[in-house]
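Data block below; observations after.
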Amino acid sequence: MAPVGDDCLFCRIVAGEIPAEVVAETDAAVAFRDVNPQAPVHVLVVPRQHVADAAELADQAPATVAELVGLARRVAVDAGHDSYRLVFNTGGDAGQTVFHAHLHMLAGRSLTWPPG
């Protein structure tokens, strides 16, 4: 089970207990700059609801997945980018380090494939 509330970094950011550079938000999601950016624009888009990963989010709140993608697009376009990458890391072997579902939006440079 993923940590919730006081134990979850992203729950605490959503609650305003830990500062973050919030760039956009909706009733269901918050977008903030990644503290370790991998591109000139690197924003994390997280649901306000705590779920461990993208698969759990799709099962519990599929409309919120669409909301995260839409908010990521809005952030990219507002930053002047019509090309961007969206990434969900699901599970430790995939690189997920915070077990609160989050979508990475990267833009502002040419992104190669595969990512690594």
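The values are calculated or read from the model by the stated rules, or taken from the named source; none is laboratory data. Source: prediction; values computed, not measured. Cβ placement follows ideal geometry from the backbone for every residue including glycine, while neighbour counts extend to all protein chains displayed. Just so you know, the surface numbers come from the protein's heavy atoms only, side chains and all, with ligands and any DNA or RNA stripped out. Shrake-Rupley method; radii C 1.70, N 1.55, O 1.52, S 1.80 Å.
List pairs: first residue in the range 30-56 and touching a residue at least 24 places away in the same chain (Cβ under 8 Å) and of a type in the set (A, V, I, L, M), second residue open to solvent by less than 10 Å² (accessible area, probe 1.4 Å) and part of a loop (DSSP other than H, G, I, E, B) anywhere in the structure, Cβ distance under 8 angstrom, at least six positions apart or on different chains.
Note: pairs meeting the criteria are VAL46/HIS100; VAL46/ALA101; VAL51/HIS100; VAL51/ALA101; ALA52/HIS100; ALA52/ALA101; ALA54/ALA101.
Exactly one of (1) buried (at least 17 other Cβ atoms within 10 Å of the Cβ); (2) within 14 Å of ALA55 (Cα to Cα) is unmet by ALA107. Its number?
ALA107 satisfies every listed condition except (2).
Looking only at the range 1-43, count every residue that is over 16 Å from PHE88 (Cβ atoms), modelled with pLDDT under 95 and among the hydrophobic types (A, V, I, L, M, F, W, C) and tell me the total.
Within the range 1-43, residues that are over 16 Å from PHE88 (Cβ atoms), modelled with pLDDT under 95 and among the hydrophobic types (A, V, I, L, M, F, W, C) number 2.
Got a sec? Which strands (runs of 3 or more DSSP E) wholly within the range 3-103 have at least 3 residues that are open to solvent by 20 Å² or more (accessible area, probe 1.4 Å), closer than 25 Å to PRO114 by Cα and among the β-branched types (Val, Ile, Thr)?
Result: empty, no element qualifies.
What number of residues in the range 75-99 are in contact with a helix residue (DSSP H, G or I) (Cβ under 6 Å, 6 or more places away or on another chain) and closer than 14 Å to ALA31 by Cβ?
Matching residues across the range 75-99 total 2.
Given the criterion of a type in the set (A, V, I, L, M, F, W, C) and either under 21 Å from THR97 (Cβ atoms) or without any contact (Cβ under 8 Å) to a residue 12 or more places away in the chain (or both), identify the matching residue among ALA20, ALA76.
Of the residues listed, the single one that is of a type in the set (A, V, I, L, M, F, W, C) and either under 21 Å from THR97 (Cβ atoms) or without any contact (Cβ under 8 Å) to a residue 12 or more places away in the chain (or both) is ALA20.
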